[in-house]
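Remarks on the structure that follows.
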Amino acid sequence: ETMFVAAYWWKVHPGKEDQFRTAWRRGTALIREKYGSLGSRLHRDKEGRFIGVAEWPDEATWQKAYDAKMAYDDPDTRAAFVDAIADTADEPLLLMEVTDDLLDRD
């Protein structure tokens with residue numbers, strides 16, 4: 001089984017961190033339901049950027065969702081997410097095939 005990982009980053013307007021995180025969690029759940037992702041993990045780096053690392057069963061499943069712009073049927077969540085973002089990249093930060101996975105998931 002080949003797993004695929006896509007990482008993204010966002011800078012968030014000061015004071016909108018909770019709004020962003022709430023919308024990110026809801027959006028991640030909707031993407032999992034609609035596109036078959038394996039979920040994601042949100043991190044914060046020392047510069048304050050949020051980094052999302054999403055796992056997918058394979059690159060083809062990710063590509064299909066990416067081509068569809070990860071659209072989901074919850075405009076309020078999407079609006080809250082976009083409203084919180086000050087800056088982001090046009091392309092994913094990282095796209096990687098997993099070769100060895102030793103994360104403890106219990």
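The values are calculated or read from the model by the stated rules, or taken from the named source; none is laboratory data. These numbers were taken from a predicted model, which means no experiment stands behind them. Reconstructed Cβ throughout: ideal geometry from the backbone, glycine too, with neighbour counts over all protein chains shown. Note: areas computed on protein heavy atoms with side chains; ligands, DNA, RNA excluded. Shrake-Rupley method; radii C 1.70, N 1.55, O 1.52, S 1.80 Å.
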(message) Can you pull out every residue in segment 56-82 that is surrounded by fewer than 13 Cβ atoms within 10 Å (Cβ to Cβ), hydrophobic (A, V, I, L, M, F, W, C) and modelled with pLDDT of 95 or more?
(response) 60, 68, 79, 82
(request) Scan segment 8-33 and report the pairs whose first residue is closer than 10 Å to residue 50 by Cα and whose second residue is among the aliphatic types (A, V, I, L, M) and crowded, with 19+ Cβ neighbours inside 10 Å, with Cβ atoms within less than 6 Å and a gap of 6+ or a chain change. (result) 12/84; 20/12; 20/84
(request) Scan segment 78-100 for residues that are within 14 Å of the chain's Cα centre (by Cα), within 15 Å of residue 27 (Cβ to Cβ) and free of Cβ contacts under 8 Å to residues at least 60 places away in the same chain and report the count. (result) 2
(request) Scan segment 9-22 for residues that are surrounded by fewer than 17 Cβ atoms within 10 Å (Cβ to Cβ), outside any helix (DSSP H, G or I) and not basic (Lys, Arg) and jot them down. (result) 13, 14, 15
(message) Among the residues of segment 42-59, are any touching a residue at least 60 places away in the same chain (Cβ under 8 Å) and within 16 Å of residue 8 (Cα to Cα)?
(response) no
(request) Scan segment 87-106 and give yes if some residue there is part of a strand (DSSP E or B), farther than 18 Å from residue 2 by Cβ and not aliphatic (A, V, I, L, M), otherwise no. (result) yes
(request) May I ask you to list the residues in segment 23-54 that are in contact with an Asp or Glu (Cβ under 9 Å, 6 or more places away or on another chain) and either open to solvent by 40 Å² or more (accessible area, probe 1.4 Å) or of a type in the set (Phe, Trp, Tyr) (or both)? (result) 26, 34, 38, 40, 41, 44, 49, 50
(message) Among (1) in a helix (DSSP H, G or I); (2) under 16 Å from residue 37 (Cβ atoms), there is one condition residue 83 misses while meeting the rest; what is its number?
(response) (2)
